[in-house]
Amino acid sequence: MATGVTTVDPGLDDVLVGRSSISLVAGETGGLVLRGYPIQEVVPGTTYEAAVHLLLRGHPPEEARPEEIRSALGQRRVLDRATETLADGLPSDRAPLDALRTLVSAVGDARYPYPATEAQGLSLVGAVPTMLARFVRRSRGLEPVAPDPRRPHAEDYLRMLTGSVPDVAKVHALEDYLVLLADHGMNASTFALRVVLSTNSDLVSGFTAAIGALKGPAHGGAPAKVSDMLDAVGDPSEAESWVKATLARGDRLFGFGHRAYKAEDPRGLVLHRIARTVADRRRFELAEAVERAALDALRREKPGRRLFTNVEFYSAVVLEAVGLSRDLFTPTFAVARTTGWTAHALEQVAANRLMRPDVEYTGVTDGRWPLPRGWDVPA
Ligand code: ACO
């Protein structure tokens, strides 16, 4: 293919794949802007419904919790019978994120034909928390808790998981987390979704691909590993030696480093403050000790790499404090990101073009076929 391209960039670090007006990730300065609003303006205190309005419609709503979005998400949290049956029938040893990927995929494209629409997106944003909560409760031998369409989205997600009306401080922490994680530029899961949509495929297929991409620890799969790390360190006095030994083995410190940010991740800074207010005091002090030790060690061992705390570090501390089990950390990231995925799907189909990059072929081109023909070939 005569593209004129001469550089190979396996991580696509320096490739612009399009234009977007949804969110700006300013990696050098540590900035994040959602539809024109710096993230520190938006969080804490913005409802998830307002963030859905902002990201999908491009401007803030008039109400703090826009009724139209609250009602749409509430109705869509009610699953159809087929999805409930499938959620109840999945083997209980499946990880919640794997179950979610299967349940979203099983929705099929009949009601979600190309091109993606806002109504389709709201259906998926609404359904995802119920899919997760239903599967998780069934897999733990508990009765599912039906959605309450009148409740706010974040609160109802937590209520469906735990079976009781959650504490207000926990709901606020979860809601802040969901808004902070709702969109983030051309991250890997969003890119995966946009590639799928670029083939004129449906939104359900795009979401399924995005969930698969989110799963990996280089993207959304890190926060549970942060909790494991905090457990392994155990006590603030052990932080320095534990971090040192981990780096000496050549292992990575989860919750640090980011492809885009070469400064502090602004979401991490907000989550740090939220963690201070909701987390258990000893757990929070342990996290701060590990963070300090990690940043010192990374500065020493990886000079010039500009490695900082990323969003996943204090996400883990906040989600623990909210009462979620570790296997729900990445699925809850998916709950947040459904809105960003929808916004990007709408932007993609509005000016669609097949994404089809090239690769530099490094094999030979003059091989002689070594096998006899499997059938007679006319001369
Ligand atoms: N711990 C130790 N060293 C690290 C870390 C880390 N967390 N992150 C990067 N480095 C080092 C690498 O070893 C490498 O050093 P070297 O060249 O001396 O070998 C250098 O920094 C560059 O690393 P790359 O992997 O090339 O950087 P990349 O931009 O691809 O990595 C990533 C980004 C995958 C997030 C990485 O920082 C990492 O693995 N972090 C830990 C996992 C994690 O926290 N993931 C969540 C990311 S946030 C999100 O996606 C929502």
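The values are calculated or read from the model by the stated rules, or taken from the named source; none is laboratory data. Bear in mind that the values here come from a model prediction, so they are computed numbers and not experimental data. Here the Cβ positions follow ideal geometry from the backbone for every residue, glycine too, while neighbour counts run over all protein chains shown.
Observations
- LEU253 being hydrophobic (A, V, I, L, M, F, W, C), under 15 Å from the mean Cα position of the chain (by Cα) and crowded, with 17+ Cβ neighbours inside 10 Å: no
- Residue pairs whose Cβ atoms lie under 7 Å apart, sitting 6 or more positions apart in sequence or on different chains, and linking a residue in region 221-246 that is on the phi < 0 side of the Ramachandran plot to a partner that is more than 9 Å from the ligand (Cβ to nearest atom) and outside any helix (DSSP H, G or I), are GLY221/LYS215.
- Filter pass, PRO357 being near the ligand (Cβ under 10 Å from one of its atoms) and within 24 Å of PRO10 (Cα to Cα): no
- Screening GLU320 against (1) charged (D, E, K, R); (2) modelled with pLDDT of 95 or more; (3) surrounded by fewer than 18 Cβ atoms within 10 Å (Cβ to Cβ); (4) under 25 Å from the mean Cα position of the chain (by Cα) leaves a single unmet condition, (3).
- Region 226-258, residues that are among the basic types (Lys, Arg) and more than 8 Å from the ligand (Cβ to nearest atom): LYS244, ARG249
- Among the candidates LEU197, LEU142, LEU203, LEU230, residue that is modelled with pLDDT of 95 or more and within 30 Å of ALA64 (Cβ to Cβ): LEU203
- Cβ pairs under 6 Å, 6+ apart, first in region 58-80 and farther than 21 Å from MET160 by Cβ and modelled with pLDDT of 95 or more, second surrounded by fewer than 21 Cβ atoms within 10 Å (Cβ to Cβ) and basic (Lys, Arg): GLY58/ARG35
- In region 254-280, the residues that are under 16 Å from GLU320 (Cα atoms) and in contact (Cβ under 8 Å) with a residue 60 or more places away in the chain reach residues that are in a strand (DSSP E or B) and within 16 Å of the ligand (Cβ to nearest atom) with C-beta atoms within less than 9 angstrom, at least six apart or across chains, in these pairs: GLY255/THR309.
- Subset of region 35-56 (residues that are in contact with a helix residue (DSSP H, G or I) (Cβ under 6 Å, 6 or more places away or on another chain) and either of a type outside the set (Asp, Glu) or over 30 Å from ARG151 (Cα atoms) (or both)): ARG35, ILE39, VAL43, PRO44, THR46, TYR48, ALA51, VAL52, HIS53, LEU55, LEU56
- The listed residue being closer than 22 Å to ALA127 by Cα and not aromatic (Phe, Trp, Tyr), out of ARG326, ARG306, ARG300: ARG326
- Selection count, region 150-174, where residues are of a type outside the set (A, V, I, L, M) and either in a helix (DSSP H, G or I) or within 16 Å of the chain's Cα centre (by Cα) (or both): 8
- All of ALA263, ALA173, ALA169 fail the test of being away from the ligand (no atom under 13 Å from the Cβ) and out of contact with any helix residue (DSSP H, G or I) (no Cβ under 9 Å at 6 or more places or on another chain), apart from ALA263.
- Annotation: ILE39 fulfils all but one of (1) touching a residue at least 40 places away in the same chain (Cβ under 8 Å); (2) within 21 Å of the chain's Cα centre (by Cα); (3) over 25 Å from ALA222 (Cα atoms); the unmet one is (3).
- Counted residues, region 259-286 - those being closer than 19 Å to GLY221 by Cβ and crowded, with 22+ Cβ neighbours inside 10 Å: 5
- When the criteria are applied in full, ALA297 meets the requirement of being within 12 Å of the ligand (Cβ to nearest atom) and more than 17 Å from the chain's Cα centre (by Cα).
- Taking the listed residues PRO217, PRO223, the one that is surrounded by 24 or more Cβ atoms within 10 Å (Cβ to Cβ), at pLDDT below 95 and within 15 Å of the ligand (Cβ to nearest atom) is PRO223, with no other qualifying.
- Where MET186 falls short, out of the listed (1) surrounded by fewer than 20 Cβ atoms within 10 Å (Cβ to Cβ); (2) away from the ligand (no atom under 16 Å from the Cβ): (2)
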